[in-house]
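Below is one structure, written out as structure tokens; the observations come after it.
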Amino acid sequence: MTDTMASVTKSLHGVLRPSVMISVAAVLAAALLGVALIFAMGVSVLDAVAAFVDGTIGTPYAVAASINRSIAFALVGIGFVIGNRANLVNVGGEGQIAMGGIAATAVALYGHVAGLPAGLPFLIPLLAAAIAGLLWASVAGVLKIKAGTNEVISTLLLSFIAVWFLYWCVQSPELLRKPMTSSATLPESLEIPDPTKLPLLTGDYSFPLHIGLPVTVIIAIIAAIVLAKTVFGLQLRAVGFNPIAASRAGISYSRMVLVSLAAAGALGGLAGGFMLLGDQYVLKDGFSSGYGFDGLVAGLLARGSVMGVIAAALLFGFLRSGGINMEMVAGVPTALVMVIQGLIVVTLAGAAFFIGGRRT
Amino acid sequence: MTLDLLAVFIGSSLRLAVPLLLAGTGELVSERAGVLNMSIEGMMLTGAFAAAVGAWATGSPLLGLLICVIAVFPVALLQAVLSNTLRANQIVTGIGINILVLGATTLAYREIFGARSREQIPGLSKWSPPLLGDIPIFGEAVFHQVWLLYAGLAIIVLTALVLRYTSIGIVIHAAGAEPRAVDKSGVSVPWVRYLGVIFAGFMSALAGAFLSIGDIHTFTEGMTRGAGYLAIAGVIFGKWTVGGTVLACLLFGAATALQFQLPTLGIDVPNALLIMLPYLLALLAVGGLAGRQTAPRALGVPYLRR
Amino acid sequence: MRDPTRTLVEPLLVLQGVTKRFDSLVALSDASLDIMPGEVHCILGENGAGKSTLCNLIFGVHVPDDGAMRFRGESYRPSGPSDALTSGIAMVHQHFSLVHDMTVVDNVILGQQSGFVKTGVWARRLERLANDYGFALDPYAKIEDLSVGERQRVEIVKCLIREPRLFLLDEPTAVLLPDEIAALLNVCRRVAESGCAVVLVTHKLAEIKKAADRVTVLRGGRVVARSDRPAEEIDALVRAMIQGDVKSLDKSAASALGVVEAGSDHAGQPAPTETPAQEAVQIDGLSVIDGQGVTRLDNFTLSIGPGEIVGVAGVEGNGQSELAAVLSGMAVSSRGRIFLGDIETTHLGPKEITAAGIGVVPEDRHTVGCVVEMSVAENMFLNRLEDFTSFGFLRRKELMQAARELMTRFDVRAVSPEVAFSALSGGNQQKAVLAREITLPKLLFLLAAQPTRGLDVGAVAAVYGHIRAACQDGAAVLLISSELDELIAVADRIVVLYRGRIMGSCAADPRERERIGAMMAGQAP
């Protein structure tokens, strides 16, 4: 009995440790500032908050949409945390999502998968999405190993390239643009066939929560276990702290860098796949806009903990939904949410000085 | 390609390279001193926004320029404090500041101008150097540029001279390579690094101002579009020398100019690919096309006296 | 020697009850001493006694937690090196703070002037100063091209050009050739004669005998003895320093104090002429050329028999790092082959090297040897995690248990195997690294580079005890050290590295000391 009590107290201590408190405090402070800004803009705070709440939990649809968003952030965030264990900073989430979305759409539309049995119509495009993201991030991994290229710059540049590649894909009828019937045809793809759309958990379109949710939860659990309990996780940490000593101990630096960046890319790609196959169904320009950074910030906020990523991802998912509604109804630009996120990151980075030491 | 088109191409390349040159030189000094300043992008955007709003509000582009330099100061100071005094992770703070600035400038712009406005803003005037401006064919296209370009080039040359021939140059070099040497010689490492970051801020502000009130005379949300990261790539490509950075940024500028040049030559390349080109080039550059990079040894590592 | 009639001169620097803590470690406790102008004052103590902390407090790198300092009669509370420098205090640190890709003159100019740099003027001043003190210095040479001894001279000139009143040197002789040591002590004498006080921090008794006017002895952070006539009171000083007699120390530990008894264990023992049927380690024509095309290791050929300890002597920077890097699989040689018995190990990476039975104790413990942020247990088995793996999962309990056993066996003192490696003292960290490498399943070859650097006498004895034990079990040992006394005491024979080449070899006999020293300086035998 006392053993369980002891472990419960230990878990509580773990949850309430200073780094967590700082994260919570930063979020609250930024939120307060957000409210202050709303007030300063002359918008009725009440209206804004009402719109926000409505957008987040007002309807079952809103809740589902928020959670679906969170899935994308969570996957990118988990990928970031994995990379960060090895002291790699993957900033290319948006590009990896874009590549994933492109691959998923291409395979769903033109991969002749619609007729396949047993879930393959959506599983194969999902796999393609993950692989696309994996390969995209691996470019940065290879550059790091071969040329020592700073992965922050390379993943960032790759992200820009991917975003413009996406633009090209939806602009060109030769690529993924839907057949142009007139000059007013929108630059976007055809809608993916029904079998390739992700099944919903409840089957009810007014609560469109798709299977991405359980899959993401499983991925999160696996990631947490791998990082904490496996030898691979330990070796990743060693490489992150001291690549030379790790190398001397027989741990392959190249392998660790490649695997962790590839994993981060795969998760990012998968996020893009979920977005396309799960709720958007049509590939459009800029669909990944902002998701990469949101996921990144969720990863930073989590300070190395996978469970922390889930919490932060949920927060941002709801924040984004609320923000969109606030803009539509109360006229508060979504840029406000960006300001809040920027403040959170900056505050946390600075706060590390005071709580001494866990690497962000 | 006719000489006319060549002249236009060179002129455009220069024009498009200016923001990169200015920001790149600022980042160079910051990195030589040991601070990896990812927030260049945000500082450029601050400069672009403040210059635009300042020029619009006062009716004078010069005042706009002054305002933008003042406005970037708190942003640069924030980065400097976070990176040096609080010893925060420099990459994280840089990206955080970029997100913050993007949000803040977008928000402020919407508030002042309303969405989708393309208000005309008084811009900086152009200038030609005396003899060069009169060269046939090339004179007008190449040398008739916004005067900020010439001012910027002068600053860049001055920076190179300072780095090489003055004691500040020695201190900056040492601060990035072996900060202990600086500390044990009685000079304050944080002070040098603050200087580097604030200089980078100053140059980024000028770069941003060039974008908004120099080049297109307007402000659009997020108008820097990754130029700050291209500048960082330029510093890496240029192996942390002024000359190398200038060349790299000119190259990126030329790549961007191709976007407008190739269609006039009748070459039909998808627009997206052309827009992608500078980033692709930058990726190749940092990917080792230029040989293994040798960054200042203490780059990105906050100094702690032991 | 000091003029005995000048007994009424004011002390230059006075420390009263100075205490300094780093977290829970008390580095210096209630230390009081005074330094007179024009004297050579030695601070004697083992590694870890608090000598560097003392210097750093005087130079303003740290601020005392308690106590006071007075300089030239006034209260002295520097908040940083710039205050110390302004007051007229200059310091040569153990780890040089020079910018590698800058020239000598630029390094000296750093912090000394503002505005446009008058390189020519400073270069001439530099040369003149160096000449005055009897050594040559090229102002336009780049630091990275200089030898360790030359770099130290740059550090010295950098200090002396400021015409200081107090000149601190922290363990300056650790990196020098025997000849260079004599030259340095001369420089100290001359600086003192000009009226500047020289504070020389050392753990070598020989230096005390030669150079000191007065001595203060530190042990465990406290001042435990003082002497005005150190040459005559050496034995008492040593007793204060190590709480024991030199005679009671084992040879290797005594060597750490720079005392080599005439007639070591190996006196009279002929250099092994009987080559065993199979050499354990054969290195043949090993060469390393670095990225700039400079040859760092040139045609290194050596055989080591099982149970034999071969020492590699030489000042650091003469190819030892490259040799160690190649042997441990961390670097690739340009030419040459390495054999462990029958097996060629030339191109093996670190993992295979370890699997082949080669243990390495690297010279830079913190960069190469361990991951300080991780736990003791994780560090001690970092190269053998597979032994504790089931289906990819780490068997943590087993790991901790194994770590506890190893820690007991090798006397690695820590609160538990789960604490961070950084919490261990230097000596315990080294013992842990040694434990990891020596307990390889079948250790055939042990490479130890500077294994006792920075360790106190007790840890030194422990390290050599384990190395000798490994020897007795049949392992071949290659011991790289810039401490000649250590090699003479411990090794069977010695080869000397100079500028990457083997200058010669001989028995590890104290009588060969001069010859070895000459080879270390580049003089062919």
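Checking a compactness column here: for the protein assembly as shown, what do you get for Rg(Cα) / (2.2 N^0.38 Å), N being the number of residues?
1.03
Between helix C:178-193 and chain C, what is the angle of the helix's C-alpha long axis to the longest principal axis, kept within 0 to 90° and rounded to the nearest 10?
20
Determine ³J(HN,Hα), in whole Hz, for all residues of region A:318-325 in sequence, where each value follows from phi through the Karplus function 6.51 cos²θ - 1.76 cosθ + 1.60 and θ = phi - 60°; x replaces Gly and Pro.
With coefficients 6.51, -1.76 and 1.60, one gets 5, 4, 5, 4, x, x, 4, 5 Hz.
At q = 0.09, 0.14 Å⁻¹, what is the base-10 log of I(q)/I(0) for region A:166-312 according to the Debye formula with one equal point scatterer per Cα and no solvent? Please give it to two decimals.
Debye output, listed in q order: -0.43, -0.86.
Restricting to region C:13-256, compute how many DSSP beta bridges are antiparallel as a %, nearest 5.
55
Determine the distance separating the Cα centre of region B:25-103 from the Cα centre of region A:81-134; give it in Å without decimals.
36
Please give the charge dipole size of the protein assembly as shown, origin at the Cα centre, charges +1 on K and R Cβ atoms and -1 on D and E Cβ atoms. Round to the nearest 20 debye.
940
Out of the GluC sites (Glu not before Pro) in region C:103-210, which ones are loop residues according to DSSP with at most 13 other C-beta atoms within 10 Å?
none
If you rank A:LYS197, C:LYS142 by fewest surrounding Cβ atoms within 10 Å, what's the result?
Going from sparsest to densest Cβ surroundings: C:LYS142, A:LYS197.
Please give the calculated 222 nm ellipticity per residue for chain A, where each DSSP H segment of at least 4 residues contributes -39500 (n - 2.57) and the sum is spread over every residue; nearest 500 deg cm²/dmol?
Taking each H run of at least 4 residues, the total per residue is -23500 deg cm²/dmol.
Per residue of region A:212-218, in order, report the coupling 6.51 cos²θ - 1.76 cosθ + 1.60 (Karplus, θ = phi - 60°) as ³J(HN,Hα) in whole Hz, putting x for Gly and Pro.
x, 5, x, 4, 5, 4, 4
Give me a comma-separated list of calculated 3J(HN,Hα) values for region C:289-303, in order, Karplus coefficients 6.51, -1.76, 1.60 applied at θ = phi - 60°, integers in Hz, x for any Gly or Pro.
Whole-Hz 3J(HN,Hα) from phi for region C:289-303: 10, 7, x, 8, x, 8, 7, 8, 9, 10, 6, 7, 10, 7, 10.
Using a cut-off of 12 Å between beta-carbons, work out the net charge of the residues near B:GLN145 (Lys and Arg +1, Asp and Glu -1, B:GLN145 not included).
Here the charged neighbours net out to 0.
Among all the lysines, which ones have a C-alpha under 24 Å from A:LYS284's C-alpha, if same-chain residues fewer than 8 places away are not counted?
Output for A:LYS284: A:LYS178, A:LYS197.
Answer rounded, prolate or oblate for chain C, using the Cα gyration tensor with square roots of eigenvalues a ≥ b ≥ c: rounded when a/c is under 1.5, else prolate when a/b is larger than b/c, else oblate.
Verdict is prolate for chain C.
As a test of the formula, what do you get for chain C when each DSSP H run with n ≥ 4 contributes -39,500 (n - 2.57) and the sum is divided by the residue count, at 222 nm and rounded to the nearest 500 deg cm²/dmol?
Dividing the helical sum by the residues of chain C leaves -9000 deg cm²/dmol.
Please work out the Cα center distance from region C:377-401 to region A:288-303, rounded to the nearest Å.
So the two Cα centres are separated by 34 Å.
How large is the direction-averaged shadow of the alpha-carbon convex hull of chain A, in nm²?
Mean orientational projected area (chain A, Cα hull): 21.7 nm².
Fewest Cβ neighbours within 10 Å first, please rank A:VAL239, C:VAL490 accordingly.
With the fewest neighbours first, A:VAL239, C:VAL490 line up as A:VAL239, C:VAL490.
Rounding to the nearest 10 and keeping the result within 0 to 90°, find how far the Cα-based axis of helix C:426-438 lies from the longest principal axis of chain C.
That helix lies at roughly 20 degrees to the long axis.
For region C:377-517, build the convex hull from the C-alpha positions and give me its volume per residue in Å³.
Enclosed volume per residue, from the Cα hull, is 135 Å³.
Measure nothing fancy, just the Cα-based angle from helix C:148-160's long axis to the longest principal axis of chain C, in degrees from 0 to 90, nearest 10.
Result, in degrees: 20.
Given the DSSP H assignment, sum -39500 (n - 2.57) over each helix run of at least 4 residues in chain B and divide by its residue total; what's the result at 222 nm in deg cm²/dmol, nearest 500?
-22000 deg cm²/dmol
Report the local net charge at A:GLY141: Lys and Arg +1, Asp and Glu -1, summed over other residues whose C-beta lies under 12 Å from its C-beta.
+2
Would you list B:THR245, B:THR58 from fewest to most Cβ contacts within 10 Å?
Listed from fewest to most nearby Cβ atoms, that is B:THR58, B:THR245.
Calculated FRET efficiency, C:ASP101 and A:PHE39, Cβ-Cβ r, R0 60 Å, to nearest 0.05?
For C:ASP101 and A:PHE39, the calculated efficiency is 0.65.
What is the sum of charges around C:PHE339, taking Lys and Arg as +1, Asp and Glu as -1, for the other residues whose C-beta is under 9 Å from the C-beta of C:PHE339?
-3
Convert 10 °C to kelvin, take the viscosity as 1.306 mPa s, use the Kirkwood radius over C-alpha pairs of chain B as Rh, and evaluate the Stokes-Einstein diffusion coefficient in µm²/s, rounded to a whole number.
Approximately 81 µm²/s, per Stokes-Einstein.
Taken together, the values in this text are just the output of simple stated rules run on the coordinates, not laboratory data. Note that the coordinates shown come from a computational prediction; the quantities given were computed from them, not determined experimentally. Here the Cβ is made from the backbone with ideal geometry for all residues, glycine too, and neighbour counts use every protein chain on show.
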